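Q: Please find one structure pasted underneath; my questions will follow.
The values are calculated or read from the model by the stated rules, or taken from the named source; none is laboratory data. Keep in mind it's a predicted model, so treat the numbers as computed, not measured. Reconstructed Cβ throughout: ideal geometry from the backbone, glycine too, with neighbour counts over all protein chains shown.
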Amino acid sequence: GAVVSQHPSWVICKSGTSVKIECRSLDFQATTMFWYRQFPKQSLMLMATSNEGSKATYEQGVEKDKFLINHASLTLSTLTVTSAHPEDSSFYICSARDRVGANTEAFFGQGTRLTVV
Amino acid sequence: AQSVTQPDIHITVSEGASLELRCNYSYGATPYLFWYVQSPGQGLQLLLKYFSGDTLVQGIKGFEAEFKRSQSSFNLRKPSVHWSDAAEYFCAVGARTGGFKTIFGAGTRLFVKA
């Protein structure tokens with residue numbers, strides 16, 4: 001089956017530093033990847049849609065300069081949290097949609113727990 | 001733009017009893033519909049999905065859901081709940097065009113009592 005891998009699974013960083021999270025589709029090509037954020041005991045909020053070879057589309061209220069998204073290949077998208085602060089601590093989840101086929105769902109990674117201290 | 005409503009924040013069911021989790025959506029056409037389950041601190045697991053065809057969808061772990069266009073609903077059901085079903089359940093709606101993004105409902109926390 002389709003597998004999406006996120007790395008790292010968890011990360012602790014100091015306030016003011018930047019953190020990069022990788023999302024890889026292991027056995028399919030994904031022209032579109034999605035980044036979500038989940039606060040404790042809350043739902044997943046879509047942050048942005050990442051398109052291979054073009055700029056990401058951010059949802060309203062998401063700071064594009066703070067959450068840098070790069071989708072350099074058909075199997076890799078990265079989310080960089082720049083100048084991280086404690087309020088950025090959250091669970092970040094990516095998903096990827098297979099470029100082949102109309103009726104396909106997006107497959108989710110296992111998530112990355114970011115803690116900013 | 002699509003939206004999803006899960007009216008029940010939490011539900012408590014006795015083990016062995018039946019379960020129904022409600023989900024209503026808003027979308028201009030027939031959307032993709034999903035139910036996911038998430039255990040604490042874990043990622044998402046897809047229970048079932050609806051794309052087209054038969055409106056009664058069977059999923060994993062004995063779950064099923066029925067798409068009712070007239071009610072804009074996609075309720076999740078299970079005839080007999082097991083203690084291991086206790087988790088957070090998310091209904092999600094996927095757009096068929098324009099990027100195919102998926103939006104999640106607020107979630108329903110299921111508690112199972114012995």
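Q: Can you list the strands (runs of 3 or more DSSP E) found entirely within the stretch A:37-117 that contain at least 3 residues being at the interface with chain B (Cβ under 9 Å from one of its Cβ atoms)?
A: Hits in the stretch A:37-117: A:44-51, A:90-98, A:106-108.
Q: Can you tell me which residues in the stretch B:9-60 are surrounded by 14 or more Cβ atoms within 10 Å (Cβ to Cβ), modelled with pLDDT under 95 and not in a strand (DSSP E or B)?
A: Once the filter is applied, which keeps residues that are surrounded by 14 or more Cβ atoms within 10 Å (Cβ to Cβ), modelled with pLDDT under 95 and not in a strand (DSSP E or B), the stretch B:9-60 yields B:Tyr27, B:Pro31, B:Gly43, B:Phe51.
Q: Of everything in the stretch A:25-49 that's hydroxyl-bearing (Ser, Thr, Tyr) and out of contact with any Cys (no Cβ under 8 Å at 6 or more places or on another chain), which residue is surrounded by the fewest Cβ atoms within 10 Å (Cβ to Cβ)? Spell out the reasoning first.
A: Initial filter on the stretch A:25-49 (hydroxyl-bearing (Ser, Thr, Tyr)): A:25, A:31-32, A:36, A:43, A:49.
This time we only want the ones that are out of contact with any Cys (no Cβ under 8 Å at 6 or more places or on another chain), so: A:25, A:31-32, A:43, A:49.
On the way: A:Ser25: 25, A:Thr31: 17, A:Thr32: 20, A:Ser43: 20, A:Thr49: 20.
The extreme case among them is A:Thr31.
Q: Between a first residue in the stretch A:81-101 that is surrounded by 12 or more Cβ atoms within 10 Å (Cβ to Cβ) and a second residue that is assigned to a helix (DSSP H, G or I), which pairs have beta carbons less than 6 Å apart while being 6 or more apart in sequence or on different chains?
A: Final answer for the pair search is A:Val81/A:Asp88.
Q: Another one. Out of curiosity, is B:Val4 β-branched (Val, Ile, Thr), surrounded by 15 or more Cβ atoms within 10 Å (Cβ to Cβ) and at the interface with chain A (Cβ under 10 Å from one of its Cβ atoms)?
A: yes
Q: Considering the stretch B:84-114 alone, what residues qualify as being hydrophobic (A, V, I, L, M, F, W, C), closer than 22 Å to A:Ala96 by Cβ, within 8 Å of another protein chain (Cβ to nearest Cβ) and not in a strand (DSSP E or B)?
A: Matches in the stretch B:84-114: B:Phe100 only.
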